[in-house]
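Worksheet: one structure, shown below.
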Amino acid sequence: MYLKEFPLEFEQALPILQQISANGYEAYFVGGSVRDHLLGKPIADVDIASSAFPAEIKTIFPTTIDTGIKHGTVTVRWHQRNYEVTTFRTESGYQDFRRPDQVTFVRSLLQDLQRRDFTINALAVRQDGLVIDEFAGLTDLKNHLIRAVGNGDERFHEDALRMMRAVRFSSQLDFTIEPATFASLTKMAPLLEKIAVERIHSEFVKMMLSPHWQQGWSQFVSSSLIQYAPFFKKWSAAMPQFNPAESAPLLDETTIWLLLALRMQLTRDQCQQLLRQWKTANQVQHDTLAAWDFSQLLHAQTTLTPVELYQADLPMLQRLAVVGADLAWPIDFKQLIAAYQQLPIKNDHELAINGGDLIRQLAIKPGPQLGKLLTAAKIAVLNGEVPNQAAELIRWSRKRLPDMV
Ligand code: ATP
Ligand code: MG
């Protein structure tokens, strides 16, 4: 099959294929960009595979960056854009179930396609538009199937991360994992323990942030991959199930952890362990725990005072709204968000006076008294007892000063 038309991204990168071939080597568009174009989805990065070795690529193009020479990847800078050009290669070894012990550069496209994970990721496009399809990836694309290239057991044994990639792609593309591939996945699932948490994390988050995350999650559970994943492997209670018909897209990584923590009814400590064991970023940990704390407040009472609401922020309320919908909390988040937006101040910086103003105008010294006065002023503003205006706040503070000892 020939592509009738190149997408803009291929059109822009075409001169690279032409230059490489003018120098006597082969070069193709490969991997995710080919798959996504054939699915009519936007293309992320255009990856190029070539028979030229890295040193040869570097002689062809004036501006290159040594991205991963050992693995055969050179970044070619072309008209203000970067393209990764990777030499055809085979991999062997995989002693530790994750990284090939040895990468061998080869001159054959077929061998390069053979080492790729799934048939839909093993398509290549030649400069004249011919789609090279050695493993019936086009049929699998049409039938919405994730199928391992070759023997699934072997492929997952070589690199256990591929199992996470299978559920991730299934979730992102709304594809089914082909039965034999799924059987291999179930069989080889224990090998996931050999994979660095950071790599599992990256695939897991991609899976959960995709439109069909419920499907990804359900396969993550049913394949038993979850039993070899951080934190979950030590969890003996039942795993949550999600109804695809009811759940909304998860907004960001923090929403994922918050949803899981609240669905699993984790304590604050357990939630912290979940976040740490998955090696999440500090900001994600902080935001998830802050939202967890706020969720307790939400459950404890039906209405929140302005001072309580002030502890939230907009992203937190939006995340809680997603989780609250999933858990059928009887809370009107639209109204809660509207109430939050009407707060006269949303954070300490928005208070119309600061410590310096009070020191200058009221002749008080820095110290605990000043802190107390500022907090009292903030609460008064939030409760609508005084407008958030500097002159008013100074007058108000002067009156309160005698109480602040
Ligand atoms: P995305 O849109 O998420 O980037 P992608 O398919 O481009 O999806 P990448 O991780 O960028 O995924 O990898 C590019 C290509 O390299 C894949 O399409 C696949 O052919 C191959 N590949 C990547 N990781 C593996 C792996 N672990 N085992 C085998 N082949 C892989
Ligand atoms: Mg990619």
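The values are calculated or read from the model by the stated rules, or taken from the named source; none is laboratory data. It should be emphasised that the depicted structure is a prediction, and the values quoted were computed from it without experimental measurement. With ideal geometry, Cβ positions are generated from the backbone for all residues, glycine too; neighbour counts draw on all protein chains shown.
Here are a few things to note about the model shown:
- Residue in region 145-159 that is polar (S, T, N, Q), in a helix (DSSP H, G or I) and within 25 Å of GLN111 (Cβ to Cβ) present: no
- Matching option when the condition is within 22 Å of GLY216 (Cα to Cα) and more than 16 Å from ligand 2 (Cβ to nearest atom), among ARG155, ARG126, ARG116: ARG155
- Residues within region 38-53 that are surrounded by fewer than 21 Cβ atoms within 10 Å (Cβ to Cβ), more than 8 Å from ligand 1 (Cβ to nearest atom) and not basic (Lys, Arg), tallied: 7
- Selection within region 120-159 - more than 27 Å from LEU14 (Cβ to Cβ) and basic (Lys, Arg): ARG147, ARG155
- Considering residues of region 328-338 that are exposed (fewer than 12 other Cβ atoms within 10 Å of the Cβ) and either of a type in the set (A, V, I, L, M) or in a loop (DSSP other than H, G, I, E, B) (or both) only, the residue nearest to the chain's Cα centre (by Cα): ALA328
- Selection count, region 376-394, where residues are exposed (fewer than 13 other Cβ atoms within 10 Å of the Cβ) and free of Cβ contacts under 8 Å to residues at least 24 places away in the same chain: 2
- Considering only residues in region 10-37 that are more than 16 Å from ligand 1 (Cβ to nearest atom) and without any contact (Cβ under 8 Å) to a residue 24 or more places away in the chain, the one that is farthest from ARG116 (Cα to Cα) turns out to be ALA22.
- Within region 253-304, tally of residues that are among the small types (Gly, Ala, Ser) and not assigned by TED's automatic domain parsing to the domain that holds LEU327: 1
- The sole residue among ARG107, ARG81 that is touching a residue at least 24 places away in the same chain (Cβ under 8 Å) and over 16 Å from LEU14 (Cβ atoms) is ARG107.
- Among the residues of region 168-198, those identified as of a type in the set (D, E, K, R) and surrounded by 15 or more Cβ atoms within 10 Å (Cβ to Cβ) are ARG168, GLU178, LYS187.
- Residue match in region 283-296 (condition: in a helix (DSSP H, G or I), among the β-branched types (Val, Ile, Thr) and either closer than 30 Å to PHE231 by Cα or touching a His at 6+ places or on another chain (Cβ under 8 Å) (or both)): yes
- In the set LEU191, LEU138, only one residue is part of a helix (DSSP H, G or I) and more than 24 Å from TYR28 (Cα to Cα); that residue is LEU191.
- Test for VAL149: is it among the hydrophobic types (A, V, I, L, M, F, W, C), buried (at least 20 other Cβ atoms within 10 Å of the Cβ) and either under 21 Å from the mean Cα position of the chain (by Cα) or under 27 Å from SER50 (Cα atoms) (or both): yes
- Selected residue (criterion: nearest to ILE16 (Cα to Cα)) from residues of region 42-71 that are within 16 Å of ligand 2 (Cβ to nearest atom) and not aliphatic (A, V, I, L, M): ASP47
- Selection of strands (runs of 3 or more DSSP E) fully inside region 32-134 by the criterion of at least 1 residues being closer than 25 Å to LEU173 by Cα returns 47-50, 81-87.
- Number of the condition not met by LEU336 [criteria: (1) assigned by TED's automatic domain parsing to the domain that holds TYR310; (2) in contact with a Leu (Cβ under 7 Å, 6 or more places away or on another chain); (3) among the aliphatic types (A, V, I, L, M); (4) without any contact (Cβ under 8 Å) to a residue 24 or more places away in the chain]: (4)
- Selected residue (only one of LEU250, LEU258 is of a type in the set (A, V, I, L, M, F, W, C), over 19 Å from ARG162 (Cβ atoms), under 19 Å from the mean Cα position of the chain (by Cα) and not in a helix (DSSP H, G or I)): LEU250
- Scanning region 356-378 for residues that are under 15 Å from GLU392 (Cα atoms) and within 44 Å of the chain's Cα centre (by Cα) yields ASP357, LEU373, LEU374, ALA376, ALA377, LYS378.
- Answer residue from region 18-31, given it is surrounded by fewer than 23 Cβ atoms within 10 Å (Cβ to Cβ) and part of a helix (DSSP H, G or I) and is farthest from ligand 2 (Cβ to nearest atom) among those: ALA22
- Test: LEU304 is in a helix (DSSP H, G or I), surrounded by 12 or more Cβ atoms within 10 Å (Cβ to Cβ) and not aromatic (Phe, Trp, Tyr): no
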